[in-house]
Amino acid sequence: SADAQESPLAQLRLSPPYVVHLDVHPTRRSEYTHYKTTMREMYDQARARAGLKPTDATQEVLIVDEATGSVMEGSLTTPYFLRGGRWVTPPVAEKYSADNGSGGQDGTTRRWALERGLAVEEEIKARDVTDGEAVWLSNGVRGFAFGKIRKTHG
């Protein structure tokens, strides 16, 4: 019926998944990757390397820590991966640390998911992320969205 097509769940099912890229160039973690600031160059550069426009709302790029090879976060989102039957998100240190956590931010939707047991913290090595893998993304403005990894070939 026409009513079924108007429902939010129908729209959610019909929404194509985000295309999620891994940044090909690792980023050095810093206070600017740990705290939300206006210093966005590393995120803007990662989006540009993935061919994403600033206004592109259907694609995301995941930032990879230069020192550990682990996923830090998305350029605009927190990622969640299915590992061992549970959803995991990169660990975040309480205060900025060169050694602890992933180097990413402790966003509000991330804290919400962790507090409710929807996800747990676990390191995610970029080399373990596979092409076509399912991923959830969250941010405070857009909420939660489903995506699929697209690894660059070649």
**Message:** Counting only other residues whose beta carbon sits under 15 Å from that of Gly143, what net charge do I get with K and R as +1, D and E as -1?
**Reply:** +3
**Message:** I need the peptides 72-83, 46-57 ranked by packing, meaning the mean over residues of other C-beta atoms within 10 angstrom, with the highest value on top.
**Reply:** 72-83, 46-57
**Fill in**
Checked segment 42-154 against the a/c 1.5 cut and the a/b vs b/c comparison, axes a ≥ b ≥ c from its Cα gyration tensor; verdict rounded
**Message:** Apply the a/c threshold of 1.5 to the C-alpha gyration tensor of segment 44-85 and tell me whether it is rounded, prolate or oblate.
**Reply:** oblate
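Fully extended, how many nm does the chain gain between Leu118 and Arg142 (0.36 nm per residue separation, minus their Cα-Cα distance)?
Value of the extension gain: 6.9 nm.
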**Inter-site label distance for Thr55 and Val19 at 7 Å from Cα along Cβ, in nm** = 1.8 nm
**Under-5 Å amide H pairs with Glu121, H placed in peptide plane, nonlocal only** = Thr89
**Rounded to whole Hz, the Karplus (6.51, -1.76, 1.60) HN-Hα couplings of segment 59-74, x for glycine and proline** = 9, 9, 10, 8, 8, 10, 6, 4, 6, 10, x, 9, 5, 8, 4, x
**Request:** Consider a paramagnetic label point 7 Å from the Cα of Arg40 along Cα→Cβ; state which residues of segment 112-145 have an amide N under 20 Å from it.
**Result:** 137-145
**Item:** Among Gln45, Tyr80, Gln59 - extreme Cα towards positive end, dipole of segment 40-154, charges at beta-carbon
**Value:** Gln59
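Any read-out appearing in this document is the output of simple, stated calculations on the displayed coordinates, not a laboratory observation. Because the structure is a prediction, the values reported are computed rather than measured. Neighbour counts run over all protein chains shown; Cβ positions are idealised from the backbone, glycine included.
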